[in-house]
Amino acid sequence: MTTARFIKIGENGKQLTPSAKAWVAVLDTQTKLMWAAEPVIVDDWKSATEKRVAKELKASKVAGKSGWRIPTVEELFLLADRTRTERPAIDVTFFPDCPSDWFWTSTTYAPSPGDCAWHVYFCNGSAGWSYRYYGGFVRAVRARQS
């Protein structure tokens, strides 16, 4: 029996059926990471990692869980589906409202960590770095805990 890669999670943190019409998080059974279903729009990387978004995510109770954070580039890149021929490059059954746009990560760009950071581009599933003053999106993540 094959286990589905993604599982929908309800507001109470419980697993939902694949046919559920509303969910707040998605559990990745391969990585054991839980992802917020809804992306957050941000003005720039700093607002994503240091200010409003990071503080709100850590304190929020999405799916009845706290401890949300900005993902690393390695974590977020695993959500990109580069086999898709239509945009966005992600499983739209579980992430139906994903913009075909940049999603910031917490990973800074080593040659210029004060100015640049890594993002995943869900238009085509690629990863790259950009200047941290650009706007974009964030998809929160947390480690699954029993």
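Applying the criterion of being surrounded by fewer than 15 Cβ atoms within 10 Å (Cβ to Cβ) and not acidic (Asp, Glu) to the residues of the stretch 79-98, the residue that is farthest from Val141 (Cα to Cα) is Thr85.
The residues of the stretch 106-129 that are farther than 19 Å from Asp91 by Cα and of a type in the set (S, T, N, Q), listed by number, are Ser106, Thr107, Thr108, Ser112. Quick check, is Val120 at pLDDT 95 or above and within 29 Å of Lys21 (Cα to Cα)? So Val120 passes the test.
Residue selection: Ala80 satisfies the criterion of being in contact with a Phe, Trp or Tyr (Cβ under 8 Å, 6 or more places away or on another chain) and either of a type in the set (A, V, I, L, M) or at pLDDT below 95 (or both). Within the stretch 71-78, not a single residue is free of Cβ contacts under 8 Å to residues at least 24 places away in the same chain and of a type in the set (Phe, Trp, Tyr). Of all residues in the stretch 81-111, those being of a type in the set (A, V, I, L, M) and either within 16 Å of Ser130 (Cβ to Cβ) or touching a His at 6+ places or on another chain (Cβ under 8 Å) (or both) number 1. The set of residues from the stretch 31-48 being without any contact (Cβ under 8 Å) to a residue 60 or more places away in the chain and outside any loop (DSSP other than H, G, I, E, B) comprises just one member, Ser47.
Would you be able to tell me the number of residues in the stretch 89-119 that are without any contact (Cβ under 8 Å) to a residue 40 or more places away in the chain and either in contact with a Cys (Cβ under 9 Å, 6 or more places away or on another chain) or outside any strand (DSSP E or B) (or both)?
Going through the stretch 89-119 one residue at a time, the tally reaches 15.
Scan the stretch 1-30 for residues that are crowded, with 16+ Cβ neighbours inside 10 Å, touching a residue at least 12 places away in the same chain (Cβ under 8 Å) and not small (Gly, Ala, Ser) and the total you get is 9. Among residues belonging to the stretch 53-75 that are buried (at least 17 other Cβ atoms within 10 Å of the Cβ) and either at pLDDT below 65 or in a loop (DSSP other than H, G, I, E, B) (or both), point out the one that is farthest from the chain's Cα centre (by Cα). Per the stated criteria, the residue is Ala63.
The values are calculated or read from the model by the stated rules, or taken from the named source; none is laboratory data. Small disclaimer: the values here were computed from a predicted structure and weren't measured. Heads up, the Cβs are rebuilt from the backbone with ideal geometry, glycines too, and the neighbour counts pull from every protein chain shown.
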